[in-house]
1. If amide H atoms are built 1.01 Å from N in the plane of the peptide, which residues on other chains or at least 5 residues away come under 5 Å of the amide H of residue 130?
2. Using packing as a proxy for protection, rank 140-150, 67-77 so that the peptide with the highest average count of other Cβ atoms within 10 Å comes first.
3. How large is ³J(HN,Hα), in whole Hz, for each residue of segment 44-49 in order, when computed from phi with the Karplus curve 6.51 cos²θ - 1.76 cosθ + 1.60 and θ = phi - 60°, using x for Gly and Pro?
4. Using a simple spin-label model with points 7 Å from Cα along the Cα→Cβ vector, what separation in nm is obtained for residue 123 and residue 93?
5. Just in segment 48-99: which trypsin sites (Lys or Arg not before Pro) are loop by DSSP and have at most 15 other Cβ atoms within 10 Å?
6. In whole Å, what is the distance between the alpha-carbon centres of segment 103-149 and segment 51-83?
7. Relative contact order of segment 52-169: what whole-number percent is it, with Cα pairs under 8 angstrom and at least 6 residues apart?
8. Please give the charge dipole size of segment 33-103, origin at the Cα centre, charges +1 on K and R Cβ atoms and -1 on D and E Cβ atoms. Round to the nearest 20 debye.
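Nothing in this text is a laboratory measurement; each read-out follows from the coordinates by a stated rule. For clarity, every value in this text was computed on a predicted model and none was experimentally measured. Note that we place each Cβ from the backbone using ideal geometry, even for glycine, and neighbour counts take in every protein chain shown.
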Amino acid sequence: MKPCLWRSRLPLVISAVLLASLHPTVADARFSMEERCFGYRVFDLNDTKVHLRQSPNGRILRTVANGTQVTDTYPETPPSSPGWLSVRYQNQTVYVFRRFLYRLVYEVVDPKDTRVNLRRSPNGPIIQALPNATLVMLLAPQGNWSKVRLENGQDGYVFSKFLREPACF
């Protein structure tokens with residue numbers, strides 16, 4: 001009978017895990033599943049703020065600035081009304097009109113190329129070419145352009161039509 005290989009290497013594995021926890025890696029900077037799959041930012045492109053409501057089209061509970069981050073409450077609160085989504089903001093379930101909700105994390109994809117340009121400003125100098133499927137965090141939609149942040153913390157602009165929702169499950 002062969003000895004269990006993983007048991008003989010257990011001290012090595014534990015040491016590696018402890019060492020990795022002391023030295024953050026690039027993988028630690030990745031967007032969480034909650035950010036990718038359930039995170040949103042609110043933006044009213046015709047105003048500077050968005051109303052959070054008690055129920056779909058109900059009483060306004062609070063008004064928040066564009067760019068405020070909220071989290072989808074699904075499956076805790078399934079969709080109840082077309083055009084509205086229940087979200088969590090400061091541990092409270094509120095409703096936001098879907099038109100004002102933008103995913104927090106997108107992936108960049110150019111179907112005609114293998115890379116998407118990250119620019120210093122809309123239509124500005126190229127900072128770098130991002131491979132298709134690179135995840136970015138939306139900071140602000142600005143017409144045909146979106147201000148985004150890479151997983152390494154670098155900000156820039158991408159053409160909005162090259163953003164799509166990432167796969168979650």
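1. Distant-sequence amide H within range of residue 130: 116, 117, 118.
2. 140-150, 67-77
3. So the J values, rounded to whole Hz, are 10, 5, 9, 8, 10, 9.
4. 4.6 nm
5. Listed in order of number, the matching sites are 59.
6. 27 Å
7. Computed over segment 52-169, the figure is 19 percent.
8. Charge dipole of segment 33-103: 160 debye, to the nearest 20.
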